[in-house]
Amino acid sequence: MSVLLLADHDKGELSPATARLVAAASQLGPVDILVVAENPAAIAAAAAQIAGVRIVQVVKAAETAESITNSLESLAQRYQSVSASASSVGKDVIPRLAAKLDIQPVTDVVEILGPNRFTRPIYAGNALETVTDPQPKHLLTFRASAFRPAASGNAASVESLDLSVTSAARFLAAHRTESDTPDLATAQIVIGGGVSVGSAEGFQLIEKLGKTLGAAVGATRAAVDAGYAPNDWQIGQTGKIIAPDLYIAIGISGALQHLAGIQGAKKIFAINTDAEAPLVKIADVALIGDLFEIVPQLIAELEKSGIKH
Amino acid sequence: MKILVAVKRVVDHNVRIRVRPDGTGVETTGVRMSMNPFCKHAVEAAVQLVEKGQASEVVVVSIGPKQSNDVILTALAMGAHRGVLVETDAALETLTIAKLLAKVAEEEQPDLILLGKQAVDDDSNHVGQMLAALTNRPQATFASEIVVKGSELEVTREVDYGRETVALPLPAVVTADLRLNTPRNAALPMVMKARSKPLAVRPAADFGVDLAPRLVVEKISPPAERVAGKTVGSVADLASAIAAEVNEMEAL
Ligand SMILES: Cc1cc2nc3c(=O)[nH]c(=O)nc-3n(C[C@H](O)[C@H](O)[C@H](O)COP(=O)(O)OP(=O)(O)OC[C@H]3O[C@@H](n4cnc5c(N)ncnc54)[C@H](O)[C@@H]3O)c2cc1C
């Protein structure tokens, strides 16, 4: 009952979440990875090291939804499950492939209860749906944050596939945020800033706290909409889903769409002027006060204590 | 350019939903319903293309019970030209929705199909991509900008690493993200005018699509509740609480 898993990658590097996805997929059977990239070699080599991977298959192609879907489609017949991360790529391609194969997909899986039983959040995580999928083939996306990473140390074989895939859509340009903060989806500590951070400069303070702790930095939709933080920092129902050991929410009210992205956090700390803010109500530790006073002092305290994660 | 926009009636995004104690679903009786926020951005994008002289007609389609007329009327008040309700009381899966929309697209032959990227009830994020596959069109999901360039669109998409721009030859499918635009609130005269715009009601059973679900929903359950924590009195206390967490992580 083998599983095909599409690997996510960026700037020629395998996504750090892949080991978690391999761990998820392995619960269903032996895992083969597919890498679709213009320069796949380094990505495939990294994927081959993840424990539990049987073969890494490589297609050299442009990374549009159509070319990735067509690559998956040409291999799908051999697998009982075809899967990907619930990332912007997985969300783009798995439903497209599902329609081509006439399969109803099960996406954003957070728990695998059996070979064809899955749990997925609905209503921004305010409810959990348990489904049985009796179809002959399963099309799945997994939320990486919900699974513990597989070990490394494997040396799976890498096979190049000679597929010619076409795409009517053409990739024109990437616009990225230059930032050296850790990957939000897999970070152990995340600092989140809300709209009350007030400006892009204000976010530099949040980033500084992030650096002190070796943490990733995220934001609310309101902060992104206001132009204070880049869109790929958004955490929530329509942004990234995080599951750090510690989430520190600064000037964030805790709208349900934001909470949707942080339910997997082990501990939540909050800094807010409002003791009644929903985020303060669910926080494990809260400090009531003005972030502009607290955050610089907090950085100083942490530096003084010599903390460095 | 002719545009087809698909819209969904959902529990309003401000409602605090309640899971039924018997696990059969989420309580929807007596709950405020409205147009899925992402669909509003799709309608707004279509209407703006008309206003720029780049589109000539906007047809809006919704699939659902009779009450889904409300969200079609909202779209008509925003500026869409005519509506189609594919009526069914059954809860349909996303693949079935996409198949019904493909039938409507076959009849309407739109150059562009616009949808919201996801519905805030089931949070699936499937239908646009499925419809693109079924109609054999290129897709651009999670759009934050749409620019018409001759017979092509240049669409900027919100992706995990930031944003990317793709060129799509028409006909195409685009799904809307929240930063695509700011949906208008229709003024009262537009709301009145919407009632006189054409709205065709067609039973879902008439489209020759198998409406039966593939998946078996066993139960709907509430998520684990977080227990309230404590408030600390000083920055020093917060710093030591953070240090304690970090030490525990390092011990792992
Ligand atoms: C369809 C849909 C999808 C959405 N998706 C997302 C999503 O993915 N992610 C997301 O985050 N949001 C999302 N939202 C938006 C969400 O509903 C909220 O509007 C948003 O999360 C609020 O952001 P905020 O907490 O920064 O701002 P606000 O709600 O305005 O809260 C600001 C907070 O800052 C506090 N504050 C003010 N000044 C200070 C100070 N000096 N020091 C300390 N605290 C201070 C206030 O007490 C308040 O609690 C979505 C909304 C919709 C409709």
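Values as computed for the structure displayed
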item: Qualifying residue in region A:1-18 (condition: of a type outside the set (D, E, K, R), at pLDDT below 95 and under 21 Å from B:R214 (Cβ atoms)); result: yes
item: Residue selected from region A:204-231 under the condition away from the ligand (no atom under 12 Å from the Cβ) and within 14 Å of B:D160 (Cβ to Cβ), by the criterion most open to solvent (accessible area, probe 1.4 Å); result: A:P230
item: Among the candidates A:L298, A:L287, residue that is at the interface with chain B (Cβ under 7 Å from one of its Cβ atoms), over 27 Å from A:R143 (Cβ atoms), within 11 Å of the ligand (Cβ to nearest atom) and open to solvent by less than 40 Å² (accessible area, probe 1.4 Å); result: A:L287
item: Subset tally (residues that are closer than 20 Å to B:L238 by Cβ and within 16 Å of the ligand (Cβ to nearest atom)) for region A:180-202; result: 8
item: Whichever residue in region A:129-152 is small (G, A, S) and outside any loop (DSSP other than H, G, I, E, B) and, among such residues, is surrounded by the most Cβ atoms within 10 Å (Cβ to Cβ); result: A:A144
item: Residues that are among the aliphatic types (A, V, I, L, M), surrounded by fewer than 22 Cβ atoms within 10 Å (Cβ to Cβ) and either part of a loop (DSSP other than H, G, I, E, B) or touching a residue at least 60 places away in the same chain (Cβ under 8 Å) (or both), drawn from region A:158-178; result: A:V158, A:L161, A:L163, A:V165, A:A168
item: Selection from region A:260-275 of residues that are near the ligand (Cβ under 10 Å from one of its atoms), more than 9 Å from every other protein chain (Cβ to nearest Cβ) and surrounded by fewer than 24 Cβ atoms within 10 Å (Cβ to Cβ); result: A:T273, A:D274
item: Pairs with Cβ under 9 Å, 6+ apart, first in region A:261-281 and in a loop (DSSP other than H, G, I, E, B), second among the basic types (K, R) and open to solvent by less than 40 Å² (accessible area, probe 1.4 Å); result: A:G261/A:K240
item: A:A255 open to solvent by 20 Å² or more (accessible area, probe 1.4 Å) and near the ligand (Cβ under 7 Å from one of its atoms); result: yes
item: Matching strands (runs of 3 or more DSSP E) fully within region B:82-188 where at least 1 residues are within 24 Å of A:Q104 (Cβ to Cβ), in contact (Cβ under 8 Å) with a residue 24 or more places away in the chain and open to solvent by 40 Å² or more (accessible area, probe 1.4 Å); result: B:82-87
item: Some residue of region B:35-56 being of a type outside the set (K, R), assigned to a strand (DSSP E or B) and open to solvent by 40 Å² or more (accessible area, probe 1.4 Å); result: no
item: Residue satisfying all of: in region B:229-252; open to solvent by 80 Å² or more (accessible area, probe 1.4 Å) and of a type in the set (A, V, I, L, M); nearest to the other protein chains (Cβ to nearest Cβ) among these; result: B:L252
item: Single unsatisfied condition, A:T181 versus (1) under 22 Å from the mean Cα position of the chain (by Cα); (2) open to solvent by 40 Å² or more (accessible area, probe 1.4 Å); result: (2)
item: Check on A:A155, part of a loop (DSSP other than H, G, I, E, B), away from every other protein chain (no Cβ under 11 Å) and in contact (Cβ under 8 Å) with a residue 40 or more places away in the chain; result: yes
item: Counted residues, region B:141-167 - those being under 19 Å from the mean Cα position of the chain (by Cα) and modelled with pLDDT under 95; result: 0
item: Looking only at region A:203-226, and only at residues there that are assigned to a loop (DSSP other than H, G, I, E, B) and among the aliphatic types (A, V, I, L, M), the one that is nearest to the chain's Cα centre (by Cα); result: A:A215
item: Total residues in region A:232-252, condition within 10 Å of another protein chain (Cβ to nearest Cβ) and more than 7 Å from the ligand (Cβ to nearest atom); result: 7
item: Qualifying residue in region A:193-203 (condition: facing chain B (nearest Cβ under 9 Å) and surrounded by 15 or more Cβ atoms within 10 Å (Cβ to Cβ)); result: no
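The rows are residues; the columns are (1) in contact (Cβ under 8 Å) with a residue 12 or more places away in the chain; (2) facing chain A (nearest Cβ under 9 Å); (3) more than 18 Å from the chain's Cα centre (by Cα).
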residue: B:V10; (1), (2), (3): yes, no, no
residue: B:R16; (1), (2), (3): no, yes, yes
residue: B:R20; (1), (2), (3): yes, no, yes
residue: B:G25; (1), (2), (3): yes, yes, yes
residue: B:N36; (1), (2), (3): yes, no, no
residue: B:C39; (1), (2), (3): yes, no, no
residue: B:A42; (1), (2), (3): yes, no, no
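Quick grid of which residues meet (1) touching a His at 6+ places or on another chain (Cβ under 7 Å); (2) under 29 Å from B:S144 (Cβ atoms); (3) among the hydrophobic types (A, V, I, L, M, F, W, C):
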position	(1), (2), (3)
A:A200	no, yes, yes
A:V217	no, yes, yes
A:T220	yes, yes, no
A:A226	no, yes, yes
A:L287	no, no, yes
A:D290	no, no, no
A:E293	no, no, no
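The values are calculated or read from the model by the stated rules, or taken from the named source; none is laboratory data. Predicted model, so just to flag it, every value in this text is computed and none were measured. Glycine gets a Cβ as well: all are built from the backbone with ideal geometry, and neighbour counts include every protein chain shown. Quick note on the areas: whole protein, heavy atoms, side chains included, nothing else; ligands and nucleic acids left out. Shrake-Rupley method; radii C 1.70, N 1.55, O 1.52, S 1.80 Å.
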